[in-house]
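Okay, structure first, notes after.
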């Protein structure tokens, strides 16, 4: 009798039953068990999977179980069981072993990434099923990168000793793009406006720097949430995304995405009240924590902000276990939403463990220190949400998800933090032109998560027609394991000064030095910074006939001093603010050694006001002033304030202020003020271009050079005004600005003006 199976356990069982029914298994004893065909798997190992022993009867069920168990190991391509007299003969055909894994045709995705995802390794058992499973995983990887047409074919090359090379032949295909995004049911907002809200974009020639126009189901799910929040923050309390359908064109291999929307009607806030269910708590002072009033447009973000404010205010009174439950009652006829915030005692739950998962590159402590609560603390949903946002703000992860699970006790929960690392380093090369600097080039590099510890390193070298600036810096945002920024910067600069705006080199200053910096948050909005600077300056290469007030400062100088700043920032973004305000005060003191002495006091404020629902039209008002004192010594021209160029548009760099009447050289001033009113607005171009327009008026003055000579003109505080229009472009290689301005008010015969200005900058 022979028992055999190759591909189907069903056929095996059917054959087995048929054979056994005609076999001579009649209760005879097994006197020996013999294994044949095994070259790699040892006989004792095989026998451990066989539920039959010497002395057992030739039992039908046990032999069937032995066949199933041997196949289940995945070690064998085929198995035979024979009865040879009183011997049970087991013949096996071993599966092949993978000698090596090769990828062919993969230009866009590297071997290292594919090897880490397919679940196969050299020296593992090869089966056709495992190879097909690995091929499917590769297809999934290509789909995530937007290549839905990728074809993967696994093939083997036979080698000696029952080994094979596994080769995946890959046809990557072209990226599967989004040809069209269609919105159905939108009446209040245009398709263009809604497309600017979602992350998924239609493919365009200028989107070669992003992958937003490739098809990604996960991104589309996120887009649904973005649309929901956008409508809810614009008064549409009944808004729903009815469906999202993605259709693949079989010819072009491009997707058409259709969002079907149900906008509903706009709502306003109705009656607003607070219900307090906490004993011994006076809620009469909580009205000021509500950020909206009856009659205001309904906005979900205002409800969320009010909940956060109430949680904080009640928690500050010593109430730990609280819950703020918002109740929204919609009146469909009046289109109002009555809001009730019920304050009640929450569950007495504590944080048991905080588990960080998925951070292969970033150390646990870097994530853990962003939590606003710790293990053993009382559970607080507001602090937990804030912790999640802080982890996202690090910029170290593609994905950040917080979840809760029971910890084995009714009053304890575990917090699971699932993250996915992403690249945190950048290398940039830039070239351009600036009206003040001439042709320029720059190399910039930074790493925001050095060694996975959250250290920050950056380097910048910028060379232009008029200057050289090379610097590198290293910062630890948690210096001494505290929320204390600590860092050092080393730099070398060289600059040619043109004090008369005649495009000549009047003199040069080269500097080499370093600064040591520290800073800390007093509150989430209030930050204090300190620094120590030591720098050696050399002033030389003076033009013949240069003002004696400048020439007297030639030679070598050593600057040693301290700086301080206090910043209160309530803007919605520090990079591109659309709402909020800020205020800062700063002091710089030189004279802690060295031969340069001065103290500077600087003040600045700013306010940003959106004047449309989309926050695309923003009115910005800013003001700043500075006061300088030489502490008994004459201040240097290079240390004094200057105005013009970017700071007072319509005037050249150092275009206003004290000036040598004879040589026309700018001398700088010890006092200044500057105020700006600026309207930023979108231009009729695709949002992806990052192009905005500006209308602006700058008002300012600069005076008092510290010298009382009669050959110094414009030493008083006469006001200058510049007004004009501008365009800013967030280009892939850095911000570019163009302004057209007119000096509306100037000092004739003294000030230097300009109408057109081009700036090429870098954000570092």
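The numbers here are math on the coordinates, done by the rules we state, and not lab data. In this text, all values refer to a predicted model and were calculated from it rather than measured experimentally. So basically every Cβ, Gly included, is an ideal-geometry build from the backbone, and we count neighbours across all protein chains shown.
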**Asked** Taking only Cα atoms, what is the 0 to 90° angle, nearest 10, from helix 60-72's long axis to the longest principal axis of the chain?
**Response** 30
**Item:** Estimated inter-spin distance, residue 275 and residue 495, nm [label 7 Å along Cα→Cβ]
**Value:** 6.4
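Calculated FRET efficiency, residue 538 and residue 479, Cβ-Cβ r, R0 35 Å, to nearest 0.05?
Values: r = 33 Å, r/R0 = 0.94.
The formula returns an efficiency of 0.60 here.
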**Message:** With 10 angstrom as the radius, rank 183, 740, 341 by how many other C-beta atoms surround their C-beta, starting from the fewest.
**Reply:** 740, 183, 341
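Please give the contour-minus-distance gain from residue 530 to residue 695: 0.36 nm per residue of separation, less the Cα-Cα distance, rounded to one decimal in nm.
Details: separation 165, 0.36 × 165 = 59.40 nm, distance 3.56 nm.
My answer for the length gained is 55.8 nm.
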**Complete:** Taking 201, 398 and counting other beta carbon atoms within 10 angstrom, the fewest-first order is 398, 201
**Complete:** Check: C-alpha center the stretch 255-313 vs C-alpha center the stretch 609-677, spacing in Å is 43
**Asked** Any idea how far apart residue 605 and residue 107 come out in nm if each label point goes 7 Å out from Cα toward Cβ?
**Response** 6.0
**Message:** Just want to confirm a number: the relative contact order over the chain, from Cα pairs under 8 angstrom separated by 6+ residues, in percent.
**Reply:** 5
**Message:** Helix 9-22 against the longest principal axis of the chain: what's the angle in degrees, Cα atoms only, rounded to the nearest 10?
**Reply:** 10
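What 222 nm value per residue comes from the helices of the chain, counting each DSSP H run with n ≥ 4 as -39,500 (n - 2.57) and dividing by all residues, nearest 500 deg cm²/dmol? Mind dumping the intermediate values first?
Working: 11 runs with 120 residues, N = 764.
Result for the chain: -4500 deg cm²/dmol, rounded to the nearest 500.
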**Request:** Taking 7 Å along the Cα-to-C-beta vector as the label spot, tell me the residue 229-residue 470 distance in nanometres, rounded to one decimal.
**Result:** 4.4
**Prompt:** Percent relative contact order of the stretch 202-348, based on C-alpha pairs within less than 8 angstrom and at least six residues apart?
**Reply:** 22
**Span from the the stretch 509-580 Cα centroid across to the the stretch 413-461 one, whole angstrom** = 22
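Listing 483, 130, 139 from the residue with the fewest other Cβ atoms within 10 Å to the one with the most, what is the order? The partial results should precede the final answer.
On the way: 483 13, 130 19, 139 16.
Ranked by crowding around the Cβ, least crowded first: 483, 139, 130.
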**Prompt:** What's the extension gain from residue 329 to residue 369 if we count 0.36 nm per residue and subtract their Cα-Cα distance?
**Reply:** 10.5 nm
**Item:** the stretch 118-144 versus the stretch 224-252: alpha-carbon centroid distance in Å
**Value:** 35
**Request:** Using only alpha carbon pairs under 8 Å that are at least six residues apart, calculate the relative contact order of the stretch 203-275 and give it in whole percent.
**Result:** 25
**Message:** Quick check: the angle from helix 300-316's long axis to the longest principal axis of the chain, C-alpha only, nearest 10 degrees?
**Reply:** 80
